[in-house]
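The values are calculated or read from the model by the stated rules, or taken from the named source; none is laboratory data. The model shown is predicted, which means the values in this text are computed figures rather than measured ones. Glycine also receives a Cβ, built like all others from the backbone with ideal geometry; neighbour counts cover every protein chain displayed.
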Amino acid sequence: MLLGIREKVDPTALACIKGWAAELFGLPPTDGIFVTQLQCNETGCPPLETAIATLGVACGMHRVTIAKAIVEVTREDLIHALQSGSCHHPLKL
C-alpha cells in the first residue's frame with residue numbers, strides 16, 4: 001500500500017523538480033505541476049518514490065514516477081524517466 005509521507009520536504013528541491021518538469025514537458029505557466037513523495041511497504045516496491053504529475057489544457061495529463069526521495073531527484077533522473085517509458089499519459093483534456 002502506498003502512503004504519502006507527511007514530513008516537510010525541501011522547498012528548493014520541489015521548485016527544481018517543478019521547473020524541470022515544466023521545461024521538459026514544454027508546459028505553459030497556467031498548467032499545474034504536482035510533486036509528492038510516496039512511501040511503499042509492499043514487496044518489490046521501492047521504499048520511497050517521487051511522483052510528478054502535470055495537468056493542463058494544452059498538454060493533457062502526464063504522470064512520472066522516480067524511485068528516489070524528492071531531495072535526491074535530479075534533472076537527469078526526470079529525463080531518463082521520460083525516455084525509458086516511465087511517463088504515463090492516461091488522458092488528454
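Tabulated results
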{"quantity": "Residue, nearest to the chain's Cα centre (by Cα), within the stretch 16-26, restricted to residues that are among the aliphatic types (A, V, I, L, M) and modelled with pLDDT under 95", "calculated": "Ala21"}
{"quantity": "Search result, residues across the stretch 30-77 that are crowded, with 16+ Cβ neighbours inside 10 Å, among the acidic types (Asp, Glu) and in contact with a Leu (Cβ under 9 Å, 6 or more places away or on another chain)", "calculated": "Asp31, Glu49"}
{"quantity": "Residue list for the stretch 16-53, restricted to those being under 18 Å from Leu82 (Cβ atoms) and acidic (Asp, Glu)", "calculated": "Glu23, Asp31, Glu49"}
